[in-house]
């Protein structure tokens, strides 16, 4: 059968297709900016934070390839990918409401253990919702629109993350309580998580109700024949893993460096900035200065996400002129320099300038690797390969989670600012490694 290219979609159609990702990132931003703070409030020691954060990459490593595999095989009245991110939205919204209230169940288990369990459930739900969105963009867009599609998706991710990151600080500025009794989460964080649950659900429903998916019959008309079912069924994922495109293998090193850096930034920004810039004690988890540092982290995280939203719109033009790999290398280098600069800052108001480079890197991390891969992955295995690619995101986080706390305790002597320096170095190493990646077509 002669292959017919997929129809070009309008900007509005591409926008509607990715609105749900804006809600997902709103939830992720609340998690990234506040999970360490909440767990420390519940009694977690700083050297154990990375272990609690292992819940996120572990669930992602397991969930995303499975969801990718089954969404490739699904078709029903609600579509192919949409049933999965709708189910994920329901679970994630529930977890967002329970996370800051873990202390209410402290009679059953210690609050920190309940909080860690809810963090795992929340991240698993985020992954159920998130993985099909990557595949949906690749399903519906032609090769010529792939970079545009992932860039618009990244723009909406940035918008969601700006509001999710900054909301606790904005509520604090409006007079919502920023302190709470020992072991309880302040009201400004609590209400932010409630808002996150509602926005997560609403945006997912927007995409579900406005976005069309191509049926198996339509895909055949466009020349995309489905391969015969692998006799190994689900276990054929391991064959797909061993036969992944070479571009994906080479991008693995870049992803390792990028995500080990991001994990360090998310886990240690609050304690690092509280101690290095606000002068708090290592064991201070509830003072006004500690909570001010936590609110500042949320605010500067909103800055890097805002920068990423704007920079994402420029990525298609930059990539067209300089190439996707060069664009990604430049962006990662800017992120590395931004993280390194935090070490030299004593005035917290200057932190937002460090986040400009981080925002450029974040936009590129969310868009360029997928744009590079989209043309090298067989169309009928888009879901499973996007899920497998997530391994290169989760594995470095697991490595950092297992050893990061030990390094903080025994190498940095609890001076967590060095964890951010470490992150900057790895981001620059990622920039170097991506220059060895060559694009290919399936």
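The values are calculated or read from the model by the stated rules, or taken from the named source; none is laboratory data. All values reported here derive from a predicted model rather than from experimental measurement. Neighbour counts run over all protein chains shown; Cβ positions are idealised from the backbone, glycine included.
Observations, loosely collected:
- Residue 363 vs. criteria in contact with a helix residue (DSSP H, G or I) (Cβ under 8 Å, 6 or more places away or on another chain) and assigned to a helix (DSSP H, G or I): yes
- Restricted to region 96-110, and to residues there that are assigned to a helix (DSSP H, G or I) and surrounded by fewer than 24 Cβ atoms within 10 Å (Cβ to Cβ), the residue that is modelled with the highest pLDDT is 97.
- Test for residue 300: is it within 22 Å of the chain's Cα centre (by Cα) and over 17 Å from residue 355 (Cα atoms): no
Residues checked against (1) touching a helix residue (DSSP H, G or I) at 6+ places or on another chain (Cβ under 6 Å); (2) at pLDDT 80 or above; (3) more than 30 Å from residue 187 (Cα to Cα):
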residue	(1), (2), (3)
13	no, yes, yes
22	yes, yes, no
39	yes, yes, no
42	yes, yes, no
62	no, no, yes
73	no, no, yes
78	no, no, yes
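- Among residues of region 323-360, those that are within 22 Å of residue 417 (Cα to Cα) and assigned to a helix (DSSP H, G or I), counted: 26
- Scanning region 236-246 for residues that are assigned to a helix (DSSP H, G or I) and either touching a helix residue (DSSP H, G or I) at 6+ places or on another chain (Cβ under 9 Å) or at pLDDT 90 or above (or both) gives 236, 237, 240, 241.
- Looking at 36, 18, just one residue is within 24 Å of residue 101 (Cα to Cα) and touching a residue at least 60 places away in the same chain (Cβ under 8 Å), and that residue is 36.
- Residues in region 192-211 include at least one that is within 30 Å of residue 75 (Cβ to Cβ), at pLDDT below 90, assigned to a loop (DSSP other than H, G, I, E, B) and out of contact with any strand residue (DSSP E or B) (no Cβ under 6 Å at 6 or more places or on another chain).
- Checked against (1) crowded, with 19+ Cβ neighbours inside 10 Å; (2) assigned to a helix (DSSP H, G or I), residue 185 meets all criteria but (2).
- Filter result (farther than 17 Å from residue 299 by Cα and part of a loop (DSSP other than H, G, I, E, B)) within region 247-288: 279, 280, 281, 282, 283, 284, 285, 286, 287
- Qualifying position, being touching a residue at least 60 places away in the same chain (Cβ under 8 Å), in a helix (DSSP H, G or I), out of contact with any strand residue (DSSP E or B) (no Cβ under 9 Å at 6 or more places or on another chain) and over 27 Å from residue 364 (Cβ atoms), among 135, 172: 172
- Selected residue (criterion: surrounded by the most Cβ atoms within 10 Å (Cβ to Cβ)) from residues of region 410-420 that are under 14 Å from residue 275 (Cβ atoms) and over 20 Å from the mean Cα position of the chain (by Cα): 416
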